[in-house]
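Structure first, commentary second.
The values are calculated or read from the model by the stated rules, or taken from the named source; none is laboratory data. It should be emphasised that the depicted structure is a prediction, and the values quoted were computed from it without experimental measurement. When we count neighbours, we look across all protein chains shown, and the Cβ atoms used for this are built from the backbone with ideal geometry, even at glycine.
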Amino acid sequence: MKKLISVLKDKLEEGFEKAGYDKKYGFATVSNRPDLCQYQCNGAMAAAKEYKKAPIQIAADVIEQLKEDSTFEKIEAVNPGFINITVSGDVLAELARKMMTEEKFGLELPQQPKTVVIDYGGPNVAKPLHVGHLRPAIIGESIKRILRYMGDQVLGDVHLGDWGLPIGLIITELRKRQPGLPYFDEQFDGEYPAEPPFTISDLEEIYPYASGFSKEHEDYLHEAQQATAELQDGRRGYRALWQHILNLTVTDLKRVYDKLNVDFDLWKKESDVQDYIPDMVEKLKADGLAYESEGALVVDVTEETDKKEIPPCIVVKSNGATLYATTDLATIVERGKLFSPDEIIYITDKRQELHFTQVFRVAKKAGLAGADTEFLFIGIGTMNGADGKPFKTRDGGVLRLEALKEDVDRKVLERIKENRDYEEDKAAGIAEKVGLAAVKYGDLSNQAAKDYIFDIDRFTSFEGNTGPYILYTIVRIKSLLAKYERGGGALEEKGKPELLKKPDNDSETALYLTLAKFADTMEAAYAERAPHKICQFVYELSESFNAFYHGNKILGNEDASKKASYIQLIVLVKNMLEQCIELLGFSAPERM
Ligand code: ARG
């Protein structure tokens, strides 16, 4: 369906044209003086230069053409040349009726759906998810959902780090502790045990220990490097250990991502692409892109427009080893081959920006994924603690994601119990949902690239611009509708649009106007890959709804047709809010 802003634009274009001016001046924007009007057009000001006329004169000429039009409740020219617009209630109601009946609230989808791979996990084996993984996971999940909603074919890939020194370190440490295991016996040619010789918690202890130890003991480090190389060369016992580590890690990761309502279509990993490396390196050489420099193989990636120097991308080190960039380039080859993506989006800490600039440029120059594949890097800002420094545990350690979520849930549980008595297990279930909204909304309402302070008190508050406030609004609507049904009222999932009447008071009109911004919001969130636009919208919609709720008698309204109309309006608001939070990656409980 046509958006309100487009309906207004069409009318304004017609007005300018009929009045003898170029129609390019006819466009509307949301009013920045909502006390005076809903929308405004500033085109007369711009046209004044071309026509050497006073803007107010031009505005008046345009109004002359439009003042009888039923689209407008009021349209007037005000000094120095603004056109102020108040839309007619009938137009607003008709728009809302269409939003109720049409798919996706009448949203028009992009003409050309794209195939997109989003790389937004980036965890590493044997390391639990920690706060650093939170933002990419939350933002990536939301962007994936937004793109899908807009019709794209989207694949989320966890891109697990499973192929470097960490595995060598674990193998080395394990050999030190349990030298008798068959994995270390090169003569052994039987079947390795199906059960791993460690648990996930063992691994979580072994890895940081080994990593710390290797920093102080060079021999140990060399041993681990050797083990890594042997693993990569295919040593049987090491491959078997690696498989154990992988299985345990993936199971654990899935469990934790699941708690965050984050899921991946692909569980690809760095090791999967190693076989692509030799051919890719050959191609880079054959194309004359890669050359030797101080023993290493590098590709120049500078561009004329660079403001700062972008160093060459090292593809193979002087000792023959490959690097992070090599794996990412090979991953691009694989993704091109398997999925022919139109676009690949990477979401990581913004400190990886240079790496991705180099990788993208090599990939483009060499056409690794396909000639037209686009690359986008979304660099994430840091989540800081109250002290403004990267979020840490009280004793200065890295905070596990699970622990963070538990802290939040506990806080929410306290608040829920303050409000009302609940059975213990029910309250805990609600707290998990509300806690997720607190964390996700707290994060997503900030622009991805910005650092922000994780303020658990603020994020879990039921008031203000928070996840719990949004859920509270939805729950309020649900209980209102439940009460209506208990009183004998009938509800249909999508409502009954024919019962919707035009708004007749300010808070009701304002609510209709907010609803009308849905499509603009989705388009902007999609184009800019920006979930925070949806957060702004759900907050505005919640605020509008609550103002309407407090300003009007709903269930108790004496006018039956008015009451029926309100119920339809509320169903629409609820459906839209629920759709929006679904795109943000959380959901509302029945009560809270
Ligand atoms: N595992 C990496 C890290 O811990 C992040 C991977 C991000 N994705 C990628 N394709 N490089 O830094």
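Between a residue in the range 256-267 that is at positive phi and any residue that is of a type outside the set (A, V, I, L, M), which pairs come within a Cβ distance under 6 Å, given they are 6 or more apart or on different chains?
Filtered contacts from the range 256-267: Asn261/Gly585.
Starting from the range 323-338, keep only residues that are modelled with pLDDT of 95 or more and charged (D, E, K, R), then list their pairs with residues that are assigned to a helix (DSSP H, G or I) and within 11 Å of the ligand (Cβ to nearest atom) whose Cβ atoms are within a distance under 7 Å, requiring at least 6 positions of separation or different chains.
Asp328/Val359; Glu334/Val273
Evaluate the following for Glu108: is it assigned to a loop (DSSP other than H, G, I, E, B) and more than 16 Å from the ligand (Cβ to nearest atom)?
yes
Among the residues of the range 471-493, write down those that are surrounded by fewer than 13 Cβ atoms within 10 Å (Cβ to Cβ) and closer than 19 Å to Arg97 by Cβ.
Listed by number, the residues that qualify are Ala490, Glu492, Glu493.
I need the full set of residues from the range 210-234 which are more than 19 Å from Leu323 (Cα to Cα) and free of Cβ contacts under 8 Å to residues at least 12 places away in the same chain, in order please.
Correct list: Gly212, Lys215, Glu216, His217, Glu218, Asp219.
Under 20 Å from Asp407 (Cα atoms), charged (D, E, K, R) and part of a loop (DSSP other than H, G, I, E, B): which single residue out of Glu432, Glu463, Glu418 fits that description?
Every option except Glu463 fails the conditions.
Contact list please: Cβ distance under 9 Å, first residue in the range 144-171 and without any contact (Cβ under 8 Å) to a residue 12 or more places away in the chain and within 30 Å of Ala229 (Cβ to Cβ), second residue away from the ligand (no atom under 16 Å from the Cβ) and part of a helix (DSSP H, G or I), pairs at least six apart or on different chains.
That search, which allows pairs on different chains as well, returns nothing.
Being in a loop (DSSP other than H, G, I, E, B) and among the acidic types (Asp, Glu) is the filter; apply it to the range 248-285 and report the residue that is farthest from the chain's Cα centre (by Cα).
Across the range 248-285, the extreme among qualifying residues is Asp265.
From (1) away from the ligand (no atom under 16 Å from the Cβ); (2) free of Cβ contacts under 8 Å to residues at least 24 places away in the same chain; (3) under 24 Å from Glu141 (Cα atoms), pick out the condition that doesn't hold for Asp342.
(2)
For the range 482-502, state whether one or more residues are touching a Gly at 6+ places or on another chain (Cβ under 7 Å), in a loop (DSSP other than H, G, I, E, B) and either over 23 Å from Thr86 (Cβ atoms) or modelled with pLDDT of 95 or more (or both).
So far as the range 482-502 goes, yes, one or more of its residues are touching a Gly at 6+ places or on another chain (Cβ under 7 Å), in a loop (DSSP other than H, G, I, E, B) and either over 23 Å from Thr86 (Cβ atoms) or modelled with pLDDT of 95 or more (or both).
Can you name the condition, by its number, that Leu297 falls short on among (1) more than 25 Å from Pro113 (Cβ to Cβ); (2) surrounded by fewer than 19 Cβ atoms within 10 Å (Cβ to Cβ); (3) more than 22 Å from the chain's Cα centre (by Cα)?
Single failed check for Leu297: (2).
Would you confirm, using the coordinates I've provided, whether Ala438 is of a type in the set (A, V, I, L, M), in contact with an Asp or Glu (Cβ under 7 Å, 6 or more places away or on another chain) and at pLDDT 95 or above?
For Ala438, the condition - of a type in the set (A, V, I, L, M), in contact with an Asp or Glu (Cβ under 7 Å, 6 or more places away or on another chain) and at pLDDT 95 or above - is not met.
If I go through the range 15-29 residue by residue, how many of them are farther than 8 Å from Val62 by Cβ, out of contact with any strand residue (DSSP E or B) (no Cβ under 7 Å at 6 or more places or on another chain) and either buried (at least 23 other Cβ atoms within 10 Å of the Cβ) or at pLDDT below 95 (or both)?
Looking only at that region, the number is 1.
Working only within the range 303-322, note down all residues that are within 15 Å of the ligand (Cβ to nearest atom) and modelled with pLDDT under 95.
Across the range 303-322, the qualifying residue is only Thr322.
So Ala210 fits all but one of (1) under 12 Å from Lys127 (Cα atoms); (2) crowded, with 17+ Cβ neighbours inside 10 Å; what number is the exception?
With (1) under 12 Å from Lys127 (Cα atoms); (2) crowded, with 17+ Cβ neighbours inside 10 Å applied to Ala210, the lone miss is (1).
Among the residues of the range 243-267, what is the count of those that are touching a Leu at 6+ places or on another chain (Cβ under 7 Å), closer than 25 Å to Val117 by Cβ and within 16 Å of the ligand (Cβ to nearest atom)?
5
Limited to the range 157-195, what total is found for residues that are closer than 30 Å to Phe339 by Cβ, in a loop (DSSP other than H, G, I, E, B) and either more than 16 Å from the ligand (Cβ to nearest atom) or touching a Ser or Thr at 6+ places or on another chain (Cβ under 9 Å) (or both)?
Residues in the range 157-195 being closer than 30 Å to Phe339 by Cβ, in a loop (DSSP other than H, G, I, E, B) and either more than 16 Å from the ligand (Cβ to nearest atom) or touching a Ser or Thr at 6+ places or on another chain (Cβ under 9 Å) (or both): 4 in total.
Only one residue in Tyr291, Tyr276 is within 16 Å of the ligand (Cβ to nearest atom), surrounded by 11 or more Cβ atoms within 10 Å (Cβ to Cβ), at pLDDT 95 or above and not basic (Lys, Arg). Which one?
Tyr276
Which condition from (1) within 15 Å of the ligand (Cβ to nearest atom); (2) without any contact (Cβ under 8 Å) to a residue 40 or more places away in the chain is the one that Leu368 breaks?
(2)
Of all residues being in contact with a strand residue (DSSP E or B) (Cβ under 9 Å, 6 or more places away or on another chain) and farther than 22 Å from Ser271 by Cβ in the range 151-197, which is surrounded by the most Cβ atoms within 10 Å (Cβ to Cβ)? Just the residue, please.
So the residue we want is Val154.
On the basis of being more than 19 Å from Glu334 (Cα to Cα), of a type in the set (A, V, I, L, M, F, W, C) and in contact with a Lys or Arg (Cβ under 7 Å, 6 or more places away or on another chain), does Phe188 make the cut?
Considered against the rule, which asks whether it is more than 19 Å from Glu334 (Cα to Cα), of a type in the set (A, V, I, L, M, F, W, C) and in contact with a Lys or Arg (Cβ under 7 Å, 6 or more places away or on another chain), Phe188 comes out as no.
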